[in-house]
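Here is the structure we will look at, set down as structure tokens.
The values are calculated or read from the model by the stated rules, or taken from the named source; none is laboratory data. Since the model is a prediction, treat every value here as computed from it, not as a measurement. Cβ placement follows ideal geometry from the backbone for every residue including glycine, while neighbour counts extend to all protein chains displayed.
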Amino acid sequence: MNTWLSLHWHAFFLALRRLASTPYASLLNIIVIGVAFSLPTGVYILLENLQTFSGQTSGEPQLSLFLELDTDKATIAKIESRLKQHPQVANFQFISKDSALKQLKQGSGLTDVVDSLTQNPLPDAFIINAKSAAPEVLEQLRAEIQKWPKAEHVQLDSAWTKRLEALLKLGQLAVLILTALLSFALVVVTFNTIRLQILTKRDEIEVSKLIGATSGFIRRPFLYFGAIQGVAGGVIAWLIIAIVIHLINSELTNLVQLYAIDLHLYHLSFEDSISLLLFSSWLGWIGAWLSVASHLWQIEPK
């Protein structure tokens, strides 16, 4: 066990030494990997924040029932009774036309305009909270209420969230495609770097084979080199995203003050951060393994 650990420690420090021996090339490769990984990671964070924001704002699924302007009190009472007995309605609130006009007058700053109206143009309305959030159930309830007497218009207030969810799904697909393409690019960068390392270390590899070094012993430092380069690129990507989020949140502060809303971007969670580093390290290891498997066997001691 101690021998196995010492071999791996030796390979690890040898990989670090090789990285340090070409600092500019190594740093350039790491930055390229970091920038490449920051793109899908940034889109992923944006989608996660949009999903969180939509979840905070959508709340319970609601329908707004607007009645015709000439609806009498008896019809309103019948509608209230039907809503109370409806199995899909959790609760509801009646907003009279006079109450709606009063709220408009107080909240819009259009007091003079409202006072100049000869009659109330607003309808009586019901705000209905449904028991189910399933889109098909909400749509069926909306269509049913629309057919009731004196129902002018029934609006499904959560319709925008369904459109947002559809866009989020499309965005998630885009993230997967972008991640796959840039992961391939990372593997190619590592493959090329290791190939050049093998070519420059050709004499050293031949001597190692002559004195009985196994393929695993020769291969191990290259694999660590690829993994270290990959995880370093993941760290750079994490730092890029952290800086960008900090800058955006600084600008959002003014918007939050103007509109009195809780709006700021969240960074990667601890689990997502670990996943990013492990994934980038794994891709670096894969690129190194492919390169070693393709080129190391061609070097034989003369």
Are any of the residues in region 6-21 within 32 Å of the chain's Cα centre (by Cα), modelled with pLDDT under 85, in the same structural domain as L178 (by TED's automatic domain parsing) and of a type in the set (A, V, I, L, M)? no
What's the number of the condition A180 fails, among (1) assigned to a helix (DSSP H, G or I); (2) modelled with pLDDT under 85; (3) surrounded by fewer than 17 Cβ atoms within 10 Å (Cβ to Cβ)? (2)
For region 129-146, state whether one or more residues are modelled with pLDDT under 85 and of a type in the set (V, I, T). yes
If a residue has to be modelled with pLDDT of 85 or more and either closer than 19 Å to K147 by Cα or hydrophobic (A, V, I, L, M, F, W, C) (or both) to count, how many in region 91-122 make the cut? 3
Suppose we filter region 37-62 for residues that are small (G, A, S) and at pLDDT below 80; how many remain? 4
